[in-house]
Amino acid sequence: MKRIFLNGLLLLAVIVGFSISAKTPTKSKEKVKVKISWKYKNVPESMKVYYTSSDDIKEHPLWKTKSVSDRSAIPVGKEISNGKFMVERGGAFRFVLVYHNTTGEEIYFFAAPHRVEPEENSLGFKFKCLCVNHAFHVPAGEYWYRIVEFRASEHITGNKLDISHTIVKVSDDELEYYSNSGNTHGM
């Protein structure tokens with residue numbers, strides 16, 4: 001009787017151990033394919049994604065945000081074609097978002113929280129981006145930029161992510177509220 005109990009206990013331990021190990025994520029060597037895209041609400045479609053001008057992160061502090069009149073003043077390298085790039089698992093990729101205000105008027109905008117497809121692949125990433133409860137300001141004819149970062153954990157659940165933001169024009173009423181609340185950046 002004691003032997004049957006011990007055999008049963010051993011079998012249960014093996015089953016539980018197998019079940020736990022089957023659910024533990026394994027480290028894949030495959031890079032994560034990322035695509036950044038944009039939708040626009042009442043603002044010109046003008047956001048572009050660029051490599052930083054060098055790999056030195058001291059030259060490209062995370063979340064640096066600024067408007068400049070000349071594109072050459074932005075610390076960017078080549079444009080990232082179609083917003084697509086690859087990230088090593090356990091790695092980070094710093095890049096630059098650039099919005100060119102081609103209108104004759106200043107623009108205030110914010111970014112709605114990003115959406116990720118497929119959702120089941122989204123466990124294990126961080127995107128330090130521009131959807132941070134701030135309204136941003138771009139003077140007429142100027143370039144606005146922000147240095148952002150995508151991080152993928154070693155155990156990210158997928159190997160492909162499509163990340164989309166909606167850029168929304170801030171109305172005059174919203175602008176008055178955000179100007180007085182301290183939730184603006186660059187105003």
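Nothing in this text is a laboratory measurement; each read-out follows from the coordinates by a stated rule. Owing to the predicted nature of the structure, the values given are computational and were not obtained by experimental measurement.
On a 31 Å Cα-Cα criterion, which of the cross-link pairs LYS35/LYS66; LYS31/LYS169; LYS41/LYS126 come out too long? All intermediate terms of the calculation are to be shown ahead of the outcome.
Values: LYS35/LYS66 24 Å; LYS31/LYS169 35 Å; LYS41/LYS126 25 Å.
The pairs that break the limit, which is 31 Å between Cα atoms, are LYS31/LYS169.
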Could you work out the percent of alpha carbon pairs in segment 39-187 separated by over 27 Å, rounded to a whole number?
23 percent
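Just the number, please: Stokes-Einstein D of segment 94-136 in µm²/s, Kirkwood Rh from C-alpha pairs, 25 °C, 0.890 mPa s. Can you show the working numbers first?
Working: Rh = 13.0 Å.
In µm²/s, the coefficient rounds to 189.
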